[in-house]
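The values are calculated or read from the model by the stated rules, or taken from the named source; none is laboratory data. None of the values given here were measured: they were computed from a predicted structure. Backbone-built Cβ (ideal geometry, glycine too); neighbour counts: all protein chains shown.
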Amino acid sequence: MGTHHGHHHHHDEVEISGSDLPAALDLSTPDEELRPADRSRRTFLRRAGLLGAGVAAAGAFAGAGLDAGAAAAHGKDDDKHDDHNHDEGGSFKWLAGDHHIHTHYSDDGLYRVIDQVQHGRAYGLDWMVITDHGSNAHAKIGVDKVNPEILAAREAFKDTLVFQGLEWNIPAAEHGTVFVHPGKNELSVLKQFENDYDANVNGTGASTPGNEALAIAGLNFLTDAVKRRKVEHALFLANHPARNGIDSPHEIRGWRDAAPGIAIGMEGAPGHQAGGISKDNGGPGAARGSYGNSPSANSFPYPLESYRTWGGFDWFTATVGGLWDSLLAEGKPWWITANSDAHTVFLETAVRGNKDFNELGYWADPVHGGKVTSTYVDFFPGYYSKTHVGAANDSYLAVMDGLRLGRVWVDHGGLLAGLDMRVRKAGDRSKDGGTPLGGTISVKKGTALELVVSIDLATLPNWAQFVPKLSRVDVITGKVTGKPQDKDIFTAPNTRVEKSFEVGTGQKKVTFTYALGRADHSYYVRVRGTDGNRTAPGYLGTSVDPHGPAIDVVGNSDPWSDLWFYTNPIWVETH
């Protein structure tokens, strides 16, 4: 984790509270309700006469384009070591995971919890979230009955972190993952949340202002559960956000702003990636990611292209200068992930046990030994998609903190073996120097900076039995322009591909250093890369993205021949 500097540490100071502020600075929380670390930090700040000043300084980020919420979520305050940032370095344990997995407690699921965890572990995952669909049967029965299976899986696979969550039918919107830190109240908090706030349980799916408000109330419930220490942590991520066009930009902004420590991001790439394998190749011949839909009465007026994946990624993420960048350009964190959404896997031979799901809340154990079924669209967790989280250690809390802090990169098909990315002062050669993924480096205007990306290339075959080859790495930068006038904006005109690096063959590791120049405004930088098999000008044109992912063709989009990785951003804040 690097060296502690002074009175606090970058990775320890972000807490969720009723406001955007870290817990120690949130004076609405009494001293006795704070964790010991926060209480001692508050005492230190009080003694130093900094508590009021610290709060005021958090507001000062608005002038640089980063507001107080971003400051809190990034773990920033007015620390004299910000310019040096060595306390933001250090090495992390990169833990691969998946926050979107279904079991036989979903009405369209098949597998037991132990089946999903065993497969995920075999395919290289360190953490998993079980997310069965919110429904009447799940709310009444399934949420209770899945818990013992999760506890048993934790016992059986002690080196694997298994979270209990659910796939929330968001009122007025799409689906989302909600999960909590394990503990004595994990079940009761999730059960109450589902019963009170799930759109399928309550019939609140229509895009109305009242239903949108109910979604915010659900996030406030989770915030309150954390603040009252019912659960240690809770997280929400929007799943397959562009699939049906019903996650409007103002809803996404509303979720993030209502619960900045809990509503942290979205699936940059959906599951169901086997869907695009053509019938000629024995596949379903459907849409990659199951993105084969079109607008409905509840849809926001996005372009039709947004209903398809692009290189396997959601249009919100795949479009340089698109919706994701419009969120990042506010200087606020909104992270991306990649998941399996595993229900039933491609070429499965098992079928569901023949029992009444609605009566029992689950399907009986799968019955094996049937015929190969090529119409299923999923891969097992870890088989194709991975979300890599930089964690301080291999604990539940460290994974949740890593996700919340945006120390995350994602890839498909094992395209990379590892990645480290930092922004640092030009010429800084200190070990672990610089600011890692999700972080903010605060520098005086005119400071020369550089981006360093170190990539461990794949040397072993992936699960499709070939060694993927990284062909190109793209550096994407975007200006931080602050909060937009229009909460439904989904473009960022100041974001573009700034530089591309070709990757040679025959190497095990490559490192790129890119001179970012002298900082004269606040901005962010993120990186993506590809095997180079299938590219096209980006949706917003060649001047923004000359060689982006191509739109996926329904019925013929082999996921293995079109591999990409994406990182989350690092912010540069000038003062």
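Of the residues ALA318, ALA286, ALA297, which is at pLDDT 95 or above, within 17 Å of the chain's Cα centre (by Cα) and not assigned by TED's automatic domain parsing to the domain that holds LYS479?
ALA318 is the lone residue from the list that is at pLDDT 95 or above, within 17 Å of the chain's Cα centre (by Cα) and not assigned by TED's automatic domain parsing to the domain that holds LYS479.
For the range 497-506, the condition holds for at least one residue, the condition being that it is in the same structural domain as PRO559 (by TED's automatic domain parsing), out of contact with any Gly (no Cβ under 8 Å at 6 or more places or on another chain), closer than 22 Å to ASP420 by Cβ and acidic (Asp, Glu).
Scan the range 375-389 for residues that are more than 15 Å from the chain's Cα centre (by Cα) and β-branched (Val, Ile, Thr) and the total you get is 2. Considering the range 255-307, the residues that are more than 22 Å from ASN211 (Cβ to Cβ) and of a type in the set (D, E, K, R) include one that is surrounded by the most Cβ atoms within 10 Å (Cβ to Cβ), namely ARG288.
Taking first residues from the range 512-525 that are assigned to a strand (DSSP E or B) and partners that are buried (at least 22 other Cβ atoms within 10 Å of the Cβ) and among the small types (Gly, Ala, Ser), the Cβ contacts under 6 Å between residues at least 6 apart in sequence or on separate chains come to TYR524/GLY478.
Among residues that are buried (at least 23 other Cβ atoms within 10 Å of the Cβ) and either modelled with pLDDT under 95 or over 23 Å from TRP324 (Cβ atoms) (or both), ALA242 is not included. Note on the range 140-161: residues that are part of a helix (DSSP H, G or I) and within 25 Å of the chain's Cα centre (by Cα) amount to 7.
Can you work out which of the residues in the range 440-481 that are part of a loop (DSSP other than H, G, I, E, B) and among the small types (Gly, Ala, Ser) is farthest from VAL320 (Cα to Cα)? Among those that are part of a loop (DSSP other than H, G, I, E, B) and among the small types (Gly, Ala, Ser), it is ALA464.
For ASP341, are the conditions met, namely being buried (at least 24 other Cβ atoms within 10 Å of the Cβ), acidic (Asp, Glu) and over 23 Å from ILE130 (Cβ atoms)? Here the answer is no, as ASP341 does not meet what is asked.
When you look at ILE455, is it touching a Leu at 6+ places or on another chain (Cβ under 7 Å) and closer than 29 Å to GLU573 by Cα, yes or no?
yes
Look at (1) in contact (Cβ under 8 Å) with a residue 60 or more places away in the chain; (2) over 27 Å from ASN339 (Cβ atoms) and you find that THR440 fails only one, number (2). Considering the conditions (1) under 21 Å from the mean Cα position of the chain (by Cα); (2) at pLDDT 95 or above; (3) outside any strand (DSSP E or B), SER91 is excluded by exactly one of them, (2). Inside the range 429-439, residues that are surrounded by fewer than 23 Cβ atoms within 10 Å (Cβ to Cβ) and either touching a Ser or Thr at 6+ places or on another chain (Cβ under 7 Å) or outside any loop (DSSP other than H, G, I, E, B) (or both) make up a count of 1.
Does ILE252 qualify as being modelled with pLDDT of 95 or more, in a helix (DSSP H, G or I) and surrounded by 23 or more Cβ atoms within 10 Å (Cβ to Cβ)?
Details: modelled with pLDDT of 95 or more: yes; in a helix (DSSP H, G or I): yes; surrounded by 23 or more Cβ atoms within 10 Å (Cβ to Cβ): yes.
Answer is yes for this residue.
The set of residues in the range 468-487 being surrounded by 14 or more Cβ atoms within 10 Å (Cβ to Cβ) and within 18 Å of LEU540 (Cβ to Cβ) consists of ASP474, VAL475, ILE476, THR477, GLY478, LYS479, THR481, PRO484.
Any residue in the range 202-213 that is under 17 Å from SER135 (Cβ atoms) and of a type in the set (S, T, N, Q)? Yes, the range 202-213 contains a residue that is under 17 Å from SER135 (Cβ atoms) and of a type in the set (S, T, N, Q).
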